[in-house]
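See below for the structure under consideration.
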Amino acid sequence: MGIFKALRTGIKRVNKNKKMWFFLLVVNILVALVLTFPLYSALKTSIGDSLMGERLTKGFDYRWYDEFKYKFRDTGFITLWSPTIVGSGTFFSNVESLATGRFFQFGPTILVLMAVYVLLNILFAGGILGIFHSPEEKFTIKGFFSFGGTYFNRFFRLFIMSGILYGILYFLAVPYFSGLINRIGGTAASERVAMVLGLIFGVVMFFLLFLVNMIFDYAKIRTVVGNGKSMLKETGKAIGFVFKNFGKTMGLYYFIGVLGIVFMVIYGVVEPQISQVTPLLVLLAFVWQQVYMLARIWVRLTFFSSQLNLFMGLQKEKKVSETAA
Amino acid sequence: MGRKVIVGFITFLLVSVGAFSCLLAQEPLSKRIANYTMDVRLDPEKKVVSGSEVLTWLNDSEVELSELYFHLYLNAFKNNMTTFIADARRVYPGRIPRLKKEELSYIDVESIKIIGEEGVEPIDITPTIEYVQPDDGNPYDQTVMKVTLPQPLPPQQTIKLDISFTAKLPLGMARTGFRDDYFFVAQWFPKIGVFYEGAWNCHQYHYTSEFFADYGVYDVNLTVPSNFILGATGVCRSKKDNGDGTTIYNHYQEDVHDFTWTASPHYLVYEDTFTHEYLPEVKVILLLQPYHKMFKDRYIEATKHALRYYGEWYGAYPYPQITCVDPAYRSGSGGMEYPTLFTGGAYWLTPIELRSPEGVTIHECGHSWWYGMIGSNEFEDAWMDEGFNSYSDDRVLEKAYGPNYFSRRFLQIFSIVFKRFSYKPTWGSISAYRPYAKLDDMSRLTWEFMDGTSYHINSYSKGAITMWTLENYLGPELSAKVFKTYFQRWKFRHPRPQDFIDVVEEVTGQDMSWFFDQIVFGSNELDYAIERISSSPVAKRQGYFDEEGERAFITGEEEGEKEEKEEVIYESHVIVRRQGEVVFPVEVLVTFENGEQEKKVWDGEYRWVRYTFNKPTRLQSAEVDPDHKIFLDINYTNNSKTMNPRKLPAYKWAFRWMFWLQHFLETFTFFS
């Protein structure tokens, strides 16, 4: 089983389940709305019936933004709103948070919402893989939640195990390397040393995060395919599988990752072109945002679907070769 | 014979005129009170500068003086009990400077002698040295030294002192020191205080203060290793290889109040020339760190912008040369001004839209005017330098580079510029000022601000927006005249706040004390708002009315019939409110639905004012300070109200934020 075959069939399966994309998008929107409403309310209060409404319709006003931030400075998540999270800033901001663990500084409201969403998606991961592995491969709400419920307990244990590894990376590796960079960078002749070290650290950090993520993806896949009960054992075997097929597992993972980047670039190029000066254009921008989110969800599903194919294909090849031997 | 005489006479005349014009050209720009001739040597291994200075000092006062005061700034980093370090602990509790033995500094005055006439033995006054602490009485602080003269120095008499000293430099700290083989040598020699307003003004070195000194002539011989590249105040007049691995440089500058130098084997040296239609030519020298080669043109261009605009607006840069130093990484010497030399600061991978090094270059070069040529007392009136300069550099930045943009450096490496979101350079000052508006008066001894941030914001940010508000209040032409007059009148002197106020009042012909009393010598907030607007058809008469001796009951419908034929008159009310304590005259622009506008001027004194309009059109909006002249107004959003508020922006920004949150949540499904 080659990575492109795994990807091709993986994409086909994802495309067959469009209802699943939309279901996941709706959940994503609903969870995001929980905090978007208070933010909207804060924005509305701040702009009020001032002429600032006119100005902000046409463009941006730093002084209003500055006053808004100051007025809501004690409200936590509202002050995360900034022009630097617009457009491509969205991606850079979130990717940076993922690499450095900066999201821990976002305050309790965001973290609680994030935890809820992660828990929901632990449930959904069982549903996604269960449906993808079922003979019909067809999304139904009932089937989705049935599979989700079946695997939730096991996937939650995997989440705890992966959480320990991510925790080690965020709470031990990040401070250690930051300290190292500061020490070496502090005695270096130029800021370039610290920046290059930072870059290396970023690359290594992403590599390790992706590796852990991939291993636990395969642990979930093994659990669904083989109905495994011991998550420790499934993780151990997933590690073995990943390292035994390092080129293929990594190749597939990064290839899909590149697809995700392509979608980001397309979004980032188009978004600034929508001026958002009329209600219709604001709606258009919103629709474009949701189209991107759909693509983002599609990428996540493609990860699961293609990795499932790769795993099953390679297992099949292994069995064939073992039988032949 | 006759022809020879005529030719000789003409030649004599021409030579005389030439010599006279030379004399005129050489007329001192300043009073030259403190003049230094120095001969010093850098020992790069020991991080020590040692040598001697001959100080020729004029008692420009009207009293006899029997004591002289000197700054010994390097003693600020001698131990953890100095006033500087104690201040640091107090104002920035989280930022205590390092205190390792090899990183500390001190300055020892080995001898101090009065040089008399030729042949007369110098009088050694070293035993009279005494450390004094005029600001806080801290016995551990040795940043001010006093010596007693054997005989009082009469007014307008000059004294000549020969001072031997050794200065151990700190590891780059508070603008001075070394880092490996990079040396930035500032505040490094025994420097006489200023005697003015009938007393010695020689403050201890504080964490939140800069400097104050008299003008004079500096003639300095600097001996450094031959492989070092040297930059210093003034012009290099000679360079001689000593044959022992060292080279002696002579730097000379008239009419400056400090002397600073830097030496490093790594500098890349670039030279350029600033030329202008009517301003004098200036040689621009850039000493650049090799790893910042890509910033060469940006540094030079920014320096030229500063020379141009400050020159055009206030007055010409009078020195032949200016040196811009790109400081070594983490040397603690970046972003600082000295006469004819300043330090910038650059960071790899910084796009030009981030205005770095442009911003710092223009700011520090601009100090040549508000610190270099206007000798403000930075211990006592910091805003008169930093505030004026921040205002001026904002103006240059805007003229030369346009608006600022939102930006963010991701992973501390890559900067992303958000070009859709621009703002005036000075808006950043307002942002900083708002939370501190009521904390301290702007005019205050620098070490008496509540904390370091308050010092910084009151001196820089509030200083800048005060000047912007003044400019907008006076109008561009009058304001330009004020600043130019002030600069021309007070250059190479030591003005006080009142001197600036006097110039403003003289040029404008107005009593401006209300402005300065509230803004400079006060700490109240300025905030005007539109409290309420309303507009409705004029009420119809209803009830009993006595008309022509008879009482009639009017239902209102009778007038309604009339109205159908006549146009409807709307009664509109606008209430403008003063929410802050600062009283400031404001303009109020009222706009009606038919496009008609009315501008009212309110003295802003009482807590509120109501404007009533009866017009055949509905009120649309009202705005106080519609041209946004009052930069000191801490709330700009409440300056207006409209009858037709727009909801679109709240949706627009909420959707944008929602997308970020959606993506954020989706990114972190990574963990599920």
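Kindly check whether there is at least one residue in the range B:578-589 that is over 41 Å from the mean Cα position of the chain (by Cα) and within 14 Å of chain A (Cβ to nearest Cβ).
no
Restricting to the range A:75-107, what's the tally of residues that are touching a residue at least 24 places away in the same chain (Cβ under 8 Å), facing another protein chain (nearest Cβ under 8 Å), aromatic (Phe, Trp, Tyr) and part of a helix (DSSP H, G or I)?
Residues meeting the conditions: 1.
For the range A:137-145, does any single residue satisfy the condition of being of a type outside the set (A, V, I, L, M, F, W, C), in a helix (DSSP H, G or I), surrounded by 20 or more Cβ atoms within 10 Å (Cβ to Cβ) and more than 9 Å from chain B (Cβ to nearest Cβ)?
Checked the range A:137-145: no residue is of a type outside the set (A, V, I, L, M, F, W, C), in a helix (DSSP H, G or I), surrounded by 20 or more Cβ atoms within 10 Å (Cβ to Cβ) and more than 9 Å from chain B (Cβ to nearest Cβ).
Between residues in the range B:292-316 that are farther than 19 Å from B:PRO339 by Cα and residues that are part of a helix (DSSP H, G or I) and among the charged types (D, E, K, R), which pairs lie under 9 Å by C-beta distance while being six or more apart or on different chains?
B:ARG298/B:GLU358; B:GLU301/B:GLU358; B:TRP313/B:ARG395; B:TRP313/B:LYS484
Quick check on this structure: which one of A:ILE122, A:ILE110 is assigned to a helix (DSSP H, G or I), within 30 Å of A:ARG157 (Cα to Cα) and at the interface with another protein chain (Cβ under 7 Å from one of its Cβ atoms)?
The unique qualifying residue is A:ILE122.
List the helices (runs of 4 or more DSSP H) inside the range B:375-472, counting only whole elements, that have at least 1 residues being farther than 24 Å from B:PHE500 by Cα and facing chain A (nearest Cβ under 10 Å).
Fully inside the range B:375-472 and qualifying: B:427-433.
Here are some residues: B:PHE664, B:PHE670. Which one is modelled with pLDDT under 95, within 9 Å of chain A (Cβ to nearest Cβ) and outside any strand (DSSP E or B)?
B:PHE670
Can you go through A:LYS229, A:LYS220 and tell me which one is part of a loop (DSSP other than H, G, I, E, B) and touching a residue at least 60 places away in the same chain (Cβ under 8 Å)?
Sole residue among the options that is part of a loop (DSSP other than H, G, I, E, B) and touching a residue at least 60 places away in the same chain (Cβ under 8 Å): A:LYS229.
Any idea which residue in the range B:242-272 is surrounded by the most Cβ atoms within 10 Å (Cβ to Cβ), counting only those that are under 23 Å from B:LEU29 (Cα atoms) and over 24 Å from the mean Cα position of the chain (by Cα)?
Per the criteria, the residue is B:HIS251.
When the range A:171-198 is examined, which residues are found to be more than 11 Å from every other protein chain (Cβ to nearest Cβ) and either touching a Pro at 6+ places or on another chain (Cβ under 6 Å) or not basic (Lys, Arg) (or both)?
The answer is A:PHE171, A:LEU172, A:ALA173, A:VAL174, A:PRO175, A:TYR176, A:PHE177, A:GLY179, A:LEU180, A:ILE184.
Quick one: which residue in B:TYR278, B:TYR270, B:TYR338 is among the hydroxyl-bearing types (Ser, Thr, Tyr), in contact (Cβ under 8 Å) with a residue 60 or more places away in the chain and away from chain A (no Cβ under 14 Å)?
Testing whether each residue is among the hydroxyl-bearing types (Ser, Thr, Tyr), in contact (Cβ under 8 Å) with a residue 60 or more places away in the chain and away from chain A (no Cβ under 14 Å) leaves just B:TYR338.
Hey, does the range A:55-74 have a residue that's among the hydrophobic types (A, V, I, L, M, F, W, C), within 29 Å of the chain's Cα centre (by Cα), assigned to a helix (DSSP H, G or I) and crowded, with 17+ Cβ neighbours inside 10 Å?
No, there is no match, as no residue in the range A:55-74 is among the hydrophobic types (A, V, I, L, M, F, W, C), within 29 Å of the chain's Cα centre (by Cα), assigned to a helix (DSSP H, G or I) and crowded, with 17+ Cβ neighbours inside 10 Å.
Hey, among the residues in the range B:623-646 that are more than 16 Å from B:GLY580 (Cα to Cα) and more than 7 Å from every other protein chain (Cβ to nearest Cβ), which one's nearest to the chain's Cα centre (by Cα)?
Out of the qualifying residues, it is B:LYS629.
Can you tell me which of (1) more than 14 Å from chain A (Cβ to nearest Cβ); (2) at negative phi; (3) touching a helix residue (DSSP H, G or I) at 6+ places or on another chain (Cβ under 8 Å) is the one B:GLN321 doesn't meet?
All conditions pass for B:GLN321, except number (3).
Name every residue in the range B:643-661 that is more than 14 Å from A:LEU80 (Cα to Cα), part of a helix (DSSP H, G or I) and charged (D, E, K, R), in order of residue number.
Once the filter is applied, which keeps residues that are more than 14 Å from A:LEU80 (Cα to Cα), part of a helix (DSSP H, G or I) and charged (D, E, K, R), the range B:643-661 yields only B:LYS652.
May I ask you to verify whether B:PRO134 is surrounded by fewer than 15 Cβ atoms within 10 Å (Cβ to Cβ) and either assigned to a loop (DSSP other than H, G, I, E, B) or within 36 Å of the chain's Cα centre (by Cα) (or both)?
No: the conditions fail for B:PRO134.
If you scan the range A:264-279, which residues turn out to be exposed (fewer than 13 other Cβ atoms within 10 Å of the Cβ), more than 10 Å from every other protein chain (Cβ to nearest Cβ) and within 17 Å of B:TRP653 (Cα to Cα)?
A:GLN273
Here are some residues: B:THR343, B:THR303. Which one is in contact with a strand residue (DSSP E or B) (Cβ under 7 Å, 6 or more places away or on another chain) and either among the acidic types (Asp, Glu) or under 22 Å from B:GLU398 (Cβ atoms) (or both)?
Exactly one of B:THR343, B:THR303 is in contact with a strand residue (DSSP E or B) (Cβ under 7 Å, 6 or more places away or on another chain) and either among the acidic types (Asp, Glu) or under 22 Å from B:GLU398 (Cβ atoms) (or both), namely B:THR303.
Given (1) in a loop (DSSP other than H, G, I, E, B); (2) buried (at least 20 other Cβ atoms within 10 Å of the Cβ); (3) in contact with a Leu (Cβ under 7 Å, 6 or more places away or on another chain), identify the lone condition not met by B:PRO626.
Status for B:PRO626: all satisfied but (2).
Report yes if B:ILE416 is more than 15 Å from the chain's Cα centre (by Cα), closer than 30 Å to A:PHE92 by Cα and crowded, with 22+ Cβ neighbours inside 10 Å, otherwise no.
No; evaluated as a whole, the condition is false for this residue.
Name the residue, out of B:ILE569, B:ILE530, that is in contact with a strand residue (DSSP E or B) (Cβ under 7 Å, 6 or more places away or on another chain), surrounded by 11 or more Cβ atoms within 10 Å (Cβ to Cβ) and closer than 18 Å to B:THR637 by Cα.
It is B:ILE530.
Quick one: would you say A:PHE37 is more than 7 Å from chain B (Cβ to nearest Cβ) and either in a helix (DSSP H, G or I) or touching a Gly at 6+ places or on another chain (Cβ under 8 Å) (or both)?
It is true that A:PHE37 is more than 7 Å from chain B (Cβ to nearest Cβ) and either in a helix (DSSP H, G or I) or touching a Gly at 6+ places or on another chain (Cβ under 8 Å) (or both).
In the range B:140-171, which residues are touching a strand residue (DSSP E or B) at 6+ places or on another chain (Cβ under 8 Å), surrounded by fewer than 16 Cβ atoms within 10 Å (Cβ to Cβ) and not in a strand (DSSP E or B)?
The answer is B:GLN156, B:GLN157.
Do the conditions hold for B:ASP511, that is, is it closer than 30 Å to B:SER390 by Cβ, among the acidic types (Asp, Glu) and not in a helix (DSSP H, G or I)?
Answer is yes for this residue.
The values are calculated or read from the model by the stated rules, or taken from the named source; none is laboratory data. Every value quoted in this text rests on a predicted model; they were computed, and no experiment measured them. Here the Cβ is made from the backbone with ideal geometry for all residues, glycine too, and neighbour counts use every protein chain on show.
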